[in-house]
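**Q** Encoded as structure tokens, here's the structure I'll be asking about.
Each value in this text was obtained by applying a stated rule to the coordinates, not by laboratory testing. Everything numeric here is computed off the predicted structure, so don't read it as measured data. Here Cβ is always computed from backbone atoms with ideal geometry, including for glycine, and neighbour counts include all displayed protein chains.
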Amino acid sequence: PYNLDLSLYVITKTQEDGMQIIEQILPTFTPEYTLQINMVPEMGITMDVPVILNSVSVVDEYDGSFTDRRFVTHTLNFEMKINLYGPVSGQGIITQVNANIGENEATGANRAYVAEGDVTTATVTSEQWTGQGL
């Protein structure tokens, strides 16, 4: 899981307009809102993703006199806990395993274990130990 930080900016001409927008958003987060996301529709996999409201800040800026051009910016900072998935790999199924077991890696393995399996039944079809001490 990853924590994704998001910011939402609300820019209005007056403080009153900004507060009317903010009062519609804030009650939803107490302090978090959980989204249910359909991650893999073909498989019916859904996931609950919490979105947490961390802070709200206000900046009141104007150019010239106080009655001239003005805008108010409300910034809402959120944290979203998400999962990111990599691409599906096209590698094949493991059908043979070779394990070299020895006391000293520099001199090579003393014994080796080789196993092969059947993919359809998920069973080991043959296995064999080779090397010293057998």
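**Q** What ranking, highest mean first, results for peptides 11-18, 115-122 when packing means the other Cβ atoms within 10 Å averaged over each residue?
**A** Numbers: 11-18: 13.5, 115-122: 10.9.
The densest-packed peptide leads the list: 11-18, 115-122.
**Q** Per 0.36 nm of contour for each residue apart, how much would the distance between Glu42 and Asp118 grow if the chain were fully extended, relative to their Cα-Cα spacing? Numbers along the way, then the final one.
**A** Numbers: separation 76, 0.36 × 76 = 27.36 nm, distance 2.83 nm.
Taking 0.36 nm per residue and subtracting the Cα distance, the gain is 24.5 nm.
**Q** Here is a follow-up. Using modelled amide H (1.01 Å from N, peptide plane; none on Pro or chain starts), what sits under 5 Å from the amide H of Val51, excluding residues fewer than 5 places away?
**A** It is Tyr33, Thr34, Leu35, by chain and number.
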